[in-house]
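Before any comments, here is the structure.
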Amino acid sequence: MTSTLKHFMTLSICCALLAGLAAPGAFAQEGGNYKIGVVDMQEVLAKYEKRKSKYQDLQKQVDALQSGIDKMSDRIKAARDDYEKKKGQLSADQLLDLETKIRADYADYQSELTKSQQQIDSMEAKVLKEVVKDVQDAIEAVANTGNYHLVLNKEGGPRSAVLFASTTIDITSQVLQHLNK
C-alpha cells in the first residue's frame, strides 16, 4: 500500500468514528443504527423520592420493633441485676426460680429478636422489589420514548460491564425525571 492510500484510509476511519460520535447514542451496526443508553442505578436509587419515603416508613417500623426489643433487654438486665443483689439473701430454690425466669425471658428475647429481624428483612425485600420494578418500568418508558435499543447500568468500578460511557448517552436524569414526577 502506498503512503497516500494509508493516509486516506486512516483519515476515512477517523472521519467515520467522529461522525459516529457526533450522533449522541447512535452507533452504526450492520443492519442499521442502534441507540445505546446508560443509567447510573446507584444514583437513581439514591435520588428516587418514593424509595426515600418507603425507607423512611420502613425505618419507623424498625424503630418500633427495636423499641420492644430494647424493653425486653432492659427487663432481662434488671432481672439479672436483681438476681445478683439477692444472691446471698435467697434460698437455693428461690435463686433457681429466678434463674429459670431469666433464662425463659432471655429465650423469649432471642425468639422475638429473630422474628423481628425476619419481619424487617421481609418488609425490606418487599420495598426493594417495588422500587426496582418502578425503576425498571421508568427505564423501559424512557428507552421506548427515546428509541433506545439497549440500556446498560453505568455502575462504576473495575467489575462493571461498562468501563466508560460518554455523558451524551447517559439517560439517568431522564429516568429520575420520569420516576419523580
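The values are calculated or read from the model by the stated rules, or taken from the named source; none is laboratory data. As the structure is a computational prediction, the values presented were derived from the model and not from experiment. As a convention, Cβ positions derive from the backbone with ideal geometry for all residues, glycine included, and neighbour counts pool all protein chains shown. Only protein heavy atoms, including side chains, enter the accessible area calculation; ligands, DNA and RNA are left aside. Shrake-Rupley method; radii C 1.70, N 1.55, O 1.52, S 1.80 Å.
Using the Cβ-Cβ distance between residue 60 and residue 159 with R0 set to 30 Å, the FRET efficiency from 1/(1 + (r/R0)^6) comes to roughly 0.30.
Modelled spin labels at residue 168 and residue 33, positioned 7 Å past Cα toward Cβ, are 1.1 nm from each other.
Less than 5 angstrom separates the built amide H of residue 34 from those of 27, 29, all sequence-distant by 5 or more or on a different chain.
In the assembled protein chains, residue 82 presents an accessible area of approximately 60 Å² (probe radius 1.4 Å). If you take the Cα centroid of the stretch 32-76 and the Cα centroid of the stretch 119-181, the two points sit 16 Å apart. Counting only heavy atoms of the protein chains and using a 1.4 Å probe, residue 113 has close to 70 Å² of accessible surface. Ranked from largest to smallest solvent-accessible area, with a 1.4 Å probe on the protein heavy atoms, 48, 148 come out as 148, 48.
Each residue was assigned an accessible area with a 1.4 Å probe, and for residue 84 the value is about 110 Å². A 1.4 Å probe over all protein chains sorts 178, 149 by accessible area into 149, 178, starting with the largest. Pairs from the table (35/126; 47/129; 47/126; 60/133; 129/181; 133/154) lying more than 28 angstrom apart at Cα are 35/126. Computed from label points 7 Å out along Cα-Cβ, the spacing between residue 114 and residue 45 is 2.9 nm. Charging the Cβ of each Asp and Glu at -1 and of each Lys and Arg at +1, and nothing else, the dipole of the stretch 30-179 about its Cα centre rounds to 120 debye.
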